[in-house]
Amino acid sequence: MDSEDAARARVLGLTRLSKAVSRALRHEPWLFELELDEHGWTPVDALVDALRKESPEWLDLDLSDLQMMINSAAKPRHEIRGQLIRALYGHSTPGAFAVVAAIPPAELFHGTSPESIRSIFTVGLLPMKRQYVHMSADADTAVLVGSRKSEQPVILTIDTVAALAADTTFYRGSNMVWLASHVPAEFIRISRMD
Ligand code: HQG
């Protein structure tokens, strides 16, 4: 394996690990015999044990591997604090995931598919299968998120100043990701893409 192949294998390995951690901490903790507290935290040792059983690839996994995965990710998805780990956003797990209300930038962005637009402008942005609607602090990230749904994503701009004035609550997921339970259609417009 040349060094380029080795670097690619390492990135693929970290991506696989990140996806497994997201599955455990966002969607199906019970499959990994994990219990999340109301803020989404679970003991990092328990997650390491579960991942070691999950795949031969992770037989020797330890805390430093998880730390490396978090530090090398292009965007922050998971957080380790002391003996605990959690996903910062993305949860579909039932039950309360307590997040902290905060004031977002004046505009947030959401990338979606053209097929969803009619419904979004009728009932607003809804969490669908997750606990919260996810929005990005910058339009470029929204383009990436929308590209997962469609080759020609539509980028929406959310007027958070007007939404806050009308009692919509926003929560900080990470530096880049903001959350809300519902964003009414009146505060959403289609971004002009130059
Ligand atoms: C759409 C990734 C019809 C919504 C990303 C979206 C993100 C509606 C889809 C995070 C609707 C849900 C989440 C309505 C919303 N009618 N469709 N009323 N309201 N939708 O995957 O926001 O890389 O659950 O537009 O970066 O795409 O995994 O949410 O298309 O931050 O860390 O319903 O996941 O993060 O799709 O992505 P998703 P999302 P990671």
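The values are calculated or read from the model by the stated rules, or taken from the named source; none is laboratory data. None of these values were measured; they are calculated from a predicted model. Because the Cβ atoms are built from the backbone with ideal geometry, glycine has one as well, and the counts that use them run over all protein chains shown. For accessibility, only protein heavy atoms count, side chains too; no ligands or nucleic acids. Shrake-Rupley method; radii C 1.70, N 1.55, O 1.52, S 1.80 Å.
If you scan region 38-59, which residues turn out to be without any contact (Cβ under 8 Å) to a residue 40 or more places away in the chain and open to solvent by 60 Å² or more (accessible area, probe 1.4 Å)? Answer for region 38-59, where residues must be without any contact (Cβ under 8 Å) to a residue 40 or more places away in the chain and open to solvent by 60 Å² or more (accessible area, probe 1.4 Å): 45, 49, 52, 53, 54, 56, 59. Of the residues that sit in region 71-110 and are among the hydroxyl-bearing types (Ser, Thr, Tyr) and over 17 Å from residue 182 (Cα atoms), which one is modelled with the lowest pLDDT? Checked region 71-110; the qualifying residue modelled with the lowest pLDDT is 93. Can you tell me which residue among 136, 119, 113 is of a type in the set (Ser, Thr, Tyr), at pLDDT 95 or above and buried (at least 20 other Cβ atoms within 10 Å of the Cβ)? The unique qualifying residue is 136.
The number of residues in region 60-90 being under 15 Å from the mean Cα position of the chain (by Cα) and either more than 16 Å from residue 19 (Cα to Cα) or open to solvent by 60 Å² or more (accessible area, probe 1.4 Å) (or both) comes to 2. From the list 122, 112, the one residue that fits, being within 9 Å of the ligand (Cβ to nearest atom) and touching a strand residue (DSSP E or B) at 6+ places or on another chain (Cβ under 9 Å), is 112. For region 7-29, the candidate set comprises residues that are closer than 19 Å to residue 60 by Cα and aliphatic (A, V, I, L, M); within that set, the residue that is nearest to the ligand (Cβ to nearest atom) is 21. The residue that is surrounded by the most Cβ atoms within 10 Å (Cβ to Cβ), among those in region 143-184 that are without any contact (Cβ under 8 Å) to a residue 40 or more places away in the chain and within 12 Å of the ligand (Cβ to nearest atom), is 146.
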